[in-house]
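Right, one structure below, let's go through it.
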Amino acid sequence: MIEIRWHGRGGQGAVTSVELLALAAIEEGKYAQGFPAFGPERRGAPVMAYNRVSDKPIKIRSGIYHPDVVVVLDPSLVGLVNVTDGLKENGLLIVNTSKPPATLREQLKYKGRMAVVDATAIAREELGVPIANTTMLGAVLKATGVLKMESLEGPIEERFGKIADKNKRAMKRAYEGVKMVK
Amino acid sequence: MGKRTGMEVAIAAAEAVALCRIDVAAVYPITPQSHMAEHLADIIHDGRIDAEFITVESEHSSISACAGASATGARVYTATSSQGLMLMHEILPIVSAMRLPVVMGNANRAVSGPLNIWNDHTDIMPQRDNGWIVMHAENGQEVIDMTIQSFKIAEHPDVMLPVVLNIDGFQLTHMIEPLEFPTQEEVDRFLPPRVPFATLHPDRPISMGCFNMPDIFMETMKAKDQALINSKKTIVKIWNEWGKMFGRSYKPIETYKARGAETLILTMGSMGETASVAVDEMKAKGRSVGLVKMRLWRPFPLDELRAAIKGCKTLIVMDRAVSFGGAGGPLGTEIKSLLYHDDPRPRIVNMIMGLGGRDVQVEDFIAMVDRAERKEDDGYEYYGVRE
């Protein structure tokens, strides 16, 4: 089982990301959960959302405190929220950032596995808005290998209708552009 | 059965209601039930089912509208949570006394104050003595299945009572997970249209809910109690029928690796799944621990509970509610009282935990078992509270 924690800001679509990832995993025949950090919605405030994906039925219904993967949707959260909190020792941190990885490591005091992509820039170009949730899905799929990218297409089409193609393009660019950091 | 689809459980609950071809829904939205209310309103507005969605100004009105609609012979649904259920309180015993089938989904949430929107069972516990059938779902699939079963149970001529299905708020309502839906044809076969015993109709006037003088009121109350006790037979029959048709069995008390275990954990609702993981971990280390889960809370399945706990030495009853100033949690207090005359009876340890959204993890269940095995007094205990 793989456990993923997403960090974003209210309104940036972190919950949509976990929903799409869970739907795609279930579409692939896997078992999955997608859920928000329970509570009232607060636009702009730091929020979290979670995924569990497994080949076997998932019985655990408590929160996720020691994720295998942490995804940071909003670059401004680095340094503001302790995004690496509880991340497993061999866990993976995936950050939307335009900063050099060394600067990030310095800021986060983090030496573990890390992948980066400038998802906001991609989202601006492809979608015309700095909302990087679907874009970051591409980075997560590539960096973790948790699902096939094709499995996301159905859920994205259903969710976004006319603007599905743009979202798929953005996702694909992040899939190709995400870099594992030494 | 179809393949598994991913869906938020609150949305799935509304879809299950639609499969039951309800006639009337009167629902007032409240967190964490809101998605159930909104999605059901969408389904009816879009004309997917031929039903009336009555927009009401409060939960007192929604349950009153449901009572009236049910009296006309309609198939009726409502959903609420916490403060909403509290506001319904005045009407709840009237619905059951009038033997009106109504199905309610209750997205369990802590009762104020202080204000808290997260999950526990403090909303349903104060409503347990109203003569409703009370059940708890453990996962999303059970929410779908039990919603459909509830209509058949409520409307059965040997039952004619309202049913409240408890769906843990957030833990279940806000979870996207794999679910299987029965087809419309299958549901139609399982749940034919309601055949009401009597209906309100302007052309055939009758009186319902008549005033009771002291010389008849006690007889009415005893009859209501008896009706609820008798309903268990039909509930079990309908659950067996569901099991045969859909391959998923439902029992008033469910057990997991309970046979022969010295210590048993007893849970209600969505905690059961996490507790089962804790049981697996403890068993793997050679500990004699099992799990008992209360699906049916009213009528209380005492015979089934006795059979499930037979031979165990310690029974740890986990309550997500408090009876302030009383003898512990409502579940713990009641189980102690029901088993008082049994010989032998297990030592009963009552733990209160998981109030107002306090997370209960696998390691918490293990810690509670450790604690219970060391505990020397019989009193109830709050688990995980900072002193």
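Quick notes on this one:
- Residue count, region B:245-275 (criterion: away from chain A (no Cβ under 14 Å) and among the charged types (D, E, K, R)): 3
- Checking the stated criteria, residue B:62 turns out to be within 20 Å of the chain's Cα centre (by Cα), surrounded by 24 or more Cβ atoms within 10 Å (Cβ to Cβ) and either at pLDDT below 95 or away from chain A (no Cβ under 14 Å) (or both).
- Enumeration of residues in region B:326-384 that are among the basic types (Lys, Arg) and more than 14 Å from chain A (Cβ to nearest Cβ): B:336, B:345, B:347, B:371, B:374, B:375
- Taken over region A:59-80, residues that are under 21 Å from residue A:13 (Cα atoms), within 14 Å of chain B (Cβ to nearest Cβ) and charged (D, E, K, R) amount to 0.
- For the condition charged (D, E, K, R), surrounded by fewer than 24 Cβ atoms within 10 Å (Cβ to Cβ) and out of contact with any His (no Cβ under 7 Å at 6 or more places or on another chain), residue B:52 qualifies.
- Number of the condition not met by residue A:42 [criteria: (1) within 9 Å of chain B (Cβ to nearest Cβ); (2) modelled with pLDDT under 95]: (1)
Table: residues versus (1) more than 25 Å from residue B:294 (Cα to Cα); (2) in a loop (DSSP other than H, G, I, E, B); (3) assigned by TED's automatic domain parsing to the domain that holds residue B:235.
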| residue | (1), (2), (3) |
| --- | --- |
| B:37 | yes, no, yes |
| B:42 | yes, no, yes |
| B:78 | no, no, yes |
| B:85 | no, no, yes |
| B:95 | no, no, yes |
| B:106 | no, no, yes |
| B:123 | no, yes, yes |
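- The set of residues from region B:232-263 being among the acidic types (Asp, Glu) and over 16 Å from residue B:296 (Cα atoms) comprises B:241, B:262.
- Looking across region B:145-178, the residues that are within 14 Å of chain A (Cβ to nearest Cβ) and not in a strand (DSSP E or B) come down to B:169, B:170, B:171, B:172, B:173, B:174, B:175.
- Boolean, residue A:132 is among the small types (Gly, Ala, Ser), touching a Ser or Thr at 6+ places or on another chain (Cβ under 6 Å) and farther than 19 Å from residue A:50 by Cβ: no
The values are calculated or read from the model by the stated rules, or taken from the named source; none is laboratory data. Please read these numbers as outputs of a predicted model, since none were measured by experiment. Cβ: placed from backbone, ideal geometry, glycine included. Neighbour counts: every protein chain shown.
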